[in-house]
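Data block below; observations after.
Coordinate-derived values only; no laboratory data. Here the structure is a predicted model, which is why all the values come from computation and not from measurement. Because the Cβ atoms are built from the backbone with ideal geometry, glycine has one as well, and the counts that use them run over all protein chains shown.
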Amino acid sequence: MARLVFLGRLEDLAGTAEMAVTPGPLDQVLAALPRDLAVALLDDRVRLALNGQILAESGGIALGAGDELAFLPPVSGG
Amino acid sequence: MVIDVRLADGPFDPAAELARFTAAVPAAGGIVSFLGKVRGDAGVLALEIRHYAPMTLPGFRALADTAARRWPLDGLLLLHRVGEMGPDAPIVLVAAASRHRRVAFAATDFVMDHLKGDSWLWKRERTAAGWRWIEPRDEDHGDRARWG
């Protein structure tokens with residue numbers, strides 16, 4: 001399995017901080033999620049980090065077994 | 001050169017932390033510190049800070065290293081709370097030690113400006129109306145831009 005991690009308000013929207021998903025192309029992984037959550041995750045302001053490294057862009061990403069993909073909404077500031 | 005960067009998932013004692021840091025940098029001529037705390041009078045009942053372990057602490061370490069390369073410091077302390085805390089609770093303690101005071105003031109200010117906008121932290125606060133996520137402020141970007 002692969003894992004999705006939701007930070008900030010995305011955790012509230014998802015109803016969970018982490019979710020185990022079947023590995024595969026990101027498009028396919030997102031298609032299996034509730035539509036409103038998938039839309040929020042694809043917001044331009046949400047950054048993605050694969051195994052702790054920020055991705056320059058999300059196009060063409062595929063999750064392998066054991067991968068962790070984090071969705072990082074804008075940080076709060078002080 | 002002492003670099004002490006930590007996340008605290010429970011309350012910390014700023015005076016004790018500062019005393020420990022001071023003892024670790026005997027060659028310093030001055031130590032500047034900044035303590036950020038939860039405002040006690042703004043109707044905020046609780047503040048929660050969430051982090052992402054694979055990125056938050058590495059980000060703090062990178063920021064401390066940047067400051068240490070930019071100024072001749074004897075030491076730098078960066079301690080940040082995560083989790084839920086109440087009014088008046090300490091949130092962040094930054095301290096810089098150097099031979100001369102201006103360097104310590106500048107490094108502390110630099111670290112705070114970058115912490116405010118660049119850290120992988122998400123905050124929400126609870127008032128009588130319930131929980132509310134805190135959005136980024138435009139001022140934070142301006143504060144960082146001062147440093148070029």
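Between the alpha-carbon centres of region B:49-68 and region A:1-72 there is a gap of 22 Å.
Within region A:16-78, the trypsin sites (Lys or Arg not before Pro) that combine a DSSP coil assignment with at most 13 other C-beta atoms in a 10 angstrom radius are A:Arg45. Placing R0 at 22 angstrom, the Cβ-Cβ distance between B:Arg20 and B:Glu84 gives a FRET efficiency of 0.30 after rounding to 0.05.
Counting Cβ atoms of other protein chains within 10 Å of each residue's Cβ and taking the mean over peptide B:125-136 gives 2. Where both residues lie in chain A, what percent of DSSP beta bridges are antiparallel, nearest 5? Here the share of antiparallel DSSP bridges comes out near 75 percent. For chain B, the longest piece that avoids every one of the trypsin sites (Lys or Arg not before Pro) found in DSSP loops with at most 14 other C-beta atoms within 10 Å covers B:40-98. Distance between the 7 Å Cα→Cβ label points at A:Thr22 and B:Arg102: 6.5 nm. In summary, the convex hull built on the alpha carbon positions of the protein assembly as shown has an orientation-averaged projected area of 13.7 nm².
The B:Glu48 and B:Ala8 beta-carbon pair, evaluated with R₀ = 22 Å, returns a calculated FRET efficiency of approximately 0.95.
In this simple spin-label approximation, A:Met1 and B:Phe34 carry label points 7 Å from Cα along the Cα→Cβ vector, and these lie 4.2 nm apart. Where a ≥ b ≥ c are the square roots of the eigenvalues of the C-alpha gyration tensor, would you call region A:2-53 rounded, which needs a/c under 1.5, or, failing that, prolate if a/b is larger than b/c, or oblate? Because its axes are fairly even, with a/c under 1.5, region A:2-53 counts as rounded.
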